[in-house]
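Single-structure report; data block below.
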């Protein structure tokens with residue numbers, strides 16, 4: 001006994017609409033994953049600039065709390081914080097939140113040496129760039 005109406009083909013398969021919907025969903029998923037895996041230059045630069053701003057704020061606060069100066073230096077693709085000791089002078093902070101950091105490939109940083117004095121607020125401006133994108137990190141007014 002036939003299970004289909006007379007004259008109707010009983011082949012099984014996907015319709016063109018179903019295939020287009022599946023392809024659209026796959027393309028959207030691939031685009032989303034690509035964006036998450038490789039963020040654009042602006043987002044990556046903004047993330048690094050926010051991290052640097054928080055570390056500079058931390059250095060300023062720590063200097064005020066401890067009563068000892070802390071310095072910041074930047075060299076092309078890395079930056080470091082320095083602590084002051086009366087017996088040894090300046091030494092690079094190595095084992096805490098102010099440890100030296102390298103920037104992602106292609107990112108550059110420039111700015112003067114900044115010394116956070118415990119009694120005098122420091123004014124600063126540090127520039128970061130990645131490709132055509134640029135951002136400035138400065139002391140809030």
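Where a number appears in this text, it was derived from the coordinates with a stated rule and is not lab data. The shown structure was predicted, so the numbers you read here are calculated from the model rather than taken from an experiment.
Quick look at the values:
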read-out	value
Relative pair counts by distance (%), Cα atoms of region 41-138, 5 Å bins	3, 13, 25, 25, 17, 10, 5, 2, 0
Added length on full extension, which subtracts the Cα-Cα distance from 0.36 nm per residue, residue 125 to residue 35	29.4 nm
Among 22, 61, 37: highest mean-square fluctuation, GNM of the chain, C-alpha pairs under 10 Å	22
Percentage relative contact order, region 41-138, counting C-alpha pairs under 8 Å, at least six apart	31 percent
GNM top mover of 48, 18, 115 - the chain, alpha-carbon springs below 10 Å	18
Segment residue 68-residue 102, extension gain: residue separation times 0.36 nm, minus the distance between their alpha carbons	9.7 nm
Helix-only mean residue ellipticity at 222 nm for the chain, each DSSP H run of n ≥ 4 adding -39500 (n - 2.57), per residue, nearest 500	-12000 deg cm²/dmol
